[in-house]
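A quick write-up on the structure given underneath.
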Amino acid sequence: MPKDRIDFSGVPQEIRSGGKSYVPPGDYLVKVLKCDKQWKNDDHSNPAYYKWQFQVVEPKKFKGTSVYNNTSLAPNALFNLRNLIFAVLGKNVAGRQVNFDPATLYGKTLGISTDDREHQDKTYTDVVDMYPADDYDSRKEDGAQAEADLDEVLDEEEEDLEEVEVDEL
């Protein structure tokens with residue numbers, strides 16, 4: 001795929017968050033497998049976008065599962081591609097014009113956070129955040145601690161519930 005000249009000059013400097021294969025909401029370490037440049041409905045009058053395929057590396061339970069994410073080349077949506085480049089390469093391209101070849105990211109890893117998206121009675125995986133692979137372990141630990149804290153609160157609330165007979169109501 002030839003390089004595209006992309007102007008990130010109108011993209012804010014701060015890094016913000018963002019398939020068809022399903023993984024539950026959570027954090028994953030993924031490897032960039034491939035990227036295809038596409039247009040909505042194959043209509044070249046629409047802004048192009050990159051369709052990325054990631055493959056889960058961690059956790060092992062989902063290893064090998066594909067997760068997909070699109071990054072639009074429309075000027076007002078370039079922050080998402082900028083976030084991906086930053087997560088993989090550690091370079092903030094905002095405010096610059098760069099020659100970008102998606103293949104330069106193939107085989108490299110990054111962390112992603114996913115959430116569920118419902119569409120036409122189906123559940124899909126949405127990539128809602130992309131971050132450097134080095135941050136994966138700390139995010140995974142933070143998520144596990146938050147889940148443990150929530151379980152503790154729920155257990156305490158259950159203890160506080162008083163049993164009521166249905167007949168008493």
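The values are calculated or read from the model by the stated rules, or taken from the named source; none is laboratory data. For clarity, every value in this text was computed on a predicted model and none was experimentally measured. Every residue, glycine among them, receives a Cβ derived from its backbone with ideal geometry; neighbour counts consider all protein chains shown.
Per the listing Y68, Y131, Y136, the residue uniquely aromatic (F, W, Y), in a helix (DSSP H, G or I) and under 20 Å from P24 (Cβ atoms) is Y136. Considering (1) farther than 23 Å from I6 by Cβ; (2) modelled with pLDDT of 95 or more; (3) not β-branched (V, I, T), the lone condition that D121 does not fulfil carries the number (2).
So that you can scan it fast, the table gives a plain yes or no per residue for (1) in contact with a strand residue (DSSP E or B) (Cβ under 7 Å, 6 or more places away or on another chain); (2) modelled with pLDDT under 95; (3) among the polar types (S, T, N, Q):
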position	(1), (2), (3)
R82	no, no, no
V88	yes, no, no
K91	no, yes, no
V98	yes, yes, no
P102	yes, no, no
I112	yes, no, no
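Residues that are within 11 Å of the chain's Cα centre (by Cα) and closer than 22 Å to D134 by Cβ do occur in segment 87-103.
Take the conditions modelled with pLDDT under 90 and buried (at least 17 other Cβ atoms within 10 Å of the Cβ) and apply them to G10. Does it pass? So G10 does not fit the description; no. Which residue is modelled with the highest pLDDT, if the candidates are limited to segment 45-69 and must be closer than 25 Å to R96 by Cα, of a type outside the set (D, E, K, R) and surrounded by fewer than 17 Cβ atoms within 10 Å (Cβ to Cβ)? Result: A48.
Considering only segment 18-37, I want to know if a residue exists there that is closer than 14 Å to S113 by Cα, at pLDDT below 95, aliphatic (A, V, I, L, M) and buried (at least 17 other Cβ atoms within 10 Å of the Cβ). Within segment 18-37 (the criterion being closer than 14 Å to S113 by Cα, at pLDDT below 95, aliphatic (A, V, I, L, M) and buried (at least 17 other Cβ atoms within 10 Å of the Cβ)), the answer is yes, since at least one residue qualifies. A count restricted to segment 71-115 and to residues that are buried (at least 16 other Cβ atoms within 10 Å of the Cβ), in a strand (DSSP E or B) and of a type outside the set (A, V, I, L, M, F, W, C) stands at 6.
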